[in-house]
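Student: The structure's right below; bear with me while I get my questions together.
The values are calculated or read from the model by the stated rules, or taken from the named source; none is laboratory data. Because the structure is predicted, anything quoted here is derived from the model rather than measured. Here the Cβ is made from the backbone with ideal geometry for all residues, glycine too, and neighbour counts use every protein chain on show. Please note that ligands, DNA and RNA were not included when accessible areas were found on the heavy atoms of the full protein model with its side chains. Shrake-Rupley method; radii C 1.70, N 1.55, O 1.52, S 1.80 Å.
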Amino acid sequence: MGESIDGSNNRAPFDLKKHDIKVVIIDEIMLLKHEELVKIKKWKETRRDVLMVCTGDPRQLEAIDDIIDNERKLEYVQKLFPQRTIRFTENKRLESDRDREQMAAMEADLWQCKSKEDVRNLVYKHFSKQIVKSKSQLKELGIKSGVTYYNESSKVLNDTIHSFTDYGGAESCVIVITAADEEKGITEVTGSAHCSATRKYYKGMQLTCKGTIKGLAVQSSGNSESATGILHTNYKYTISDFAANSFILQDILTEERYTVPHTLIASKFILPYCNTVHSAQGASIPHKFIIADWKAFGVTLNWLYTAMSRAVRFSDIYFLEESMYGEHVEGIIKDMISGYKSQDRKAGAERAVWQEGEYVTSKWIRGLFAKSSTCRCCGNKMAFEKRNKHKVTVNRLDNKLPHVTSNCELVCNVCNCSMK
């Protein structure tokens, strides 16, 4: 179609006639947003000589920031592809008939759940021997993968699993990263672990990219830097070597190698063991894995189904009872309030004065969020996550006044920025 994976339109459309292409298959079409389906419709109308087929699962999570839900999207897709619909009834991802029977029984109960209590009962019924009380048990159980609802929970589990993962005698490099520095991508390298916050990386381990990175030097087979390339969100890259203030990362498919500075390693990559369910859609997990955050406020039946259906064996699915949400929320709120006070004091005399008890507090923010976690402006679910574009923020109704409760509301970061 001429559109790159990062959304840019800087490529010539693929020449179907030149390569004698008769069939085009669009995989996981339910993960595409409405605007992308419109592009496919227009493209399809110019390629009537080609048979187009799509695959998808309407029970999976809805595309992030889409304007239509899966029910409406399925209607659109069926009109876009009016040929016969083939419904697959057997889960080929699962390894055995016994696995398929267990998953089918669980799914039958899942779609009947009407409340959070129903979901808890379902998990205890079908996974009674696969409930993990604490993340400290992961090593003992041999669990080295996981899926989460919150990005911050992925970070906690990644660090936990990384602490006991054995890479043998592989060469390593330690990067010192503080929590504040990680947000900014500021790092330093040390040959020892004397600093309080360190992360050790090994040759041969994979890293998951969490944001498109352009303009990186690509190394040729002759080890000379001759071009620039792009690293893509949710793609995994292998550490092939260490260089001065940088890592050499290799694409696991194309085998191209990229020189990535430590600053980007800290800010744009996460450890490979855990990811959010949104990022794990379409993937298979062929070993034991933990599902975290399954009791979280925003979790839906589609989320739970998507999380569990990553499994190859039903017995590999484990649920983490321990909540990690409280570990990072209070710190984020504290940083928010500190930042708002700093903004108000720097803004001038009128905003630098407020009465005791008037200023927004953690209790006030949590109370409003408990009443409604949906942004009133865009309708998206908000979250207490630094890297989530719909993170919770406090918006002032009158920009001449400080962040006092009578002048404030909660909206997501995207909408707050658009109001300025």
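Student: Just to be sure before I move on: is V404 open to solvent by less than 30 Å² (accessible area, probe 1.4 Å) and at pLDDT 90 or above in the structure I sent?
Tutor: yes
Student: Okay, moving on. Among the residues of segment 249-258, how many are out of contact with any Phe, Trp or Tyr (no Cβ under 8 Å at 6 or more places or on another chain) and not basic (K, R)?
Tutor: Final tally of qualifying residues: 4.
Student: Take the residues of segment 311-339 that are closer than 19 Å to A283 by Cβ and of a type in the set (V, I, T): which is nearest to the chain's Cα centre (by Cα)?
Tutor: Checked segment 311-339; the qualifying residue nearest to the chain's Cα centre (by Cα) is I317.
Student: Taking I265 as the residue in question, decide whether it is closer than 30 Å to E28 by Cβ, open to solvent by less than 30 Å² (accessible area, probe 1.4 Å) and part of a helix (DSSP H, G or I). Full working, then the answer.
Tutor: On the way: closer than 30 Å to E28 by Cβ: yes; open to solvent by less than 30 Å² (accessible area, probe 1.4 Å): yes; part of a helix (DSSP H, G or I): yes.
In short, yes.
Student: Please verify whether S315 is free of Cβ contacts under 8 Å to residues at least 60 places away in the same chain and polar (S, T, N, Q), treating the condition exactly as stated.
Tutor: Considered against the rule, which asks whether it is free of Cβ contacts under 8 Å to residues at least 60 places away in the same chain and polar (S, T, N, Q), S315 comes out as no.
Student: Which of the residues belonging to segment 288-315 are crowded, with 19+ Cβ neighbours inside 10 Å and closer than 13 Å to Q130 by Cα?
Tutor: K288, F289, I290, I291, A292, M308, F314
Student: Take the conditions open to solvent by 50 Å² or more (accessible area, probe 1.4 Å) and free of Cβ contacts under 8 Å to residues at least 60 places away in the same chain and apply them to K116. Does it pass?
Tutor: no
Student: Ok, one more. With respect to N388, determine if the residue is in a strand (DSSP E or B) and either in contact with a Phe, Trp or Tyr (Cβ under 9 Å, 6 or more places away or on another chain) or surrounded by 14 or more Cβ atoms within 10 Å (Cβ to Cβ) (or both). Please lay out each step first, then the result.
Tutor: On the way: in a strand (DSSP E or B): no; either in contact with a Phe, Trp or Tyr (Cβ under 9 Å, 6 or more places away or on another chain) or surrounded by 14 or more Cβ atoms within 10 Å (Cβ to Cβ) (or both): yes.
So N388 does not fit the description; no.
Student: Quick check on S221: is it open to solvent by 30 Å² or more (accessible area, probe 1.4 Å), at pLDDT below 85, touching a strand residue (DSSP E or B) at 6+ places or on another chain (Cβ under 8 Å) and over 27 Å from H328 (Cα atoms)?
Tutor: When the stated conditions are applied, S221 does not pass them.
Student: Turning to a different aspect of this structure: Looking only at segment 341-385, how many residues end up being at pLDDT 85 or above, among the basic types (K, R) and open to solvent by less than 70 Å² (accessible area, probe 1.4 Å)?
Tutor: So the answer is 1.
Student: So in segment 77-118, with the set limited to residues that are polar (S, T, N, Q), in contact with a Ser or Thr (Cβ under 9 Å, 6 or more places away or on another chain) and within 28 Å of I285 (Cα to Cα), which one is modelled with the highest pLDDT? Walk me through how you get there before you give the answer.
Tutor: From segment 77-118, those polar (S, T, N, Q) are 78, 83, 85, 89, 91, 96, 102, 112, 115; that's our starting set.
When the remaining residues are screened for being in contact with a Ser or Thr (Cβ under 9 Å, 6 or more places away or on another chain), the result is 78, 91, 102.
With within 28 Å of I285 (Cα to Cα) added as a condition, the list becomes 91, 102.
Working: N91: 84, Q102: 96.
Restricting to residues being polar (S, T, N, Q), in contact with a Ser or Thr (Cβ under 9 Å, 6 or more places away or on another chain) and within 28 Å of I285 (Cα to Cα), the top hit is Q102.
Student: Select from segment 61-73 the residues that are surrounded by 17 or more Cβ atoms within 10 Å (Cβ to Cβ) and in contact (Cβ under 8 Å) with a residue 40 or more places away in the chain and list them in ascending order.
Tutor: L61, E62, N70, K73
Student: Kindly indicate the residue of segment 149-158 that is part of a helix (DSSP H, G or I) and open to solvent by less than 60 Å² (accessible area, probe 1.4 Å) and also nearest to K389 (Cα to Cα) among those meeting that condition.
Tutor: E152
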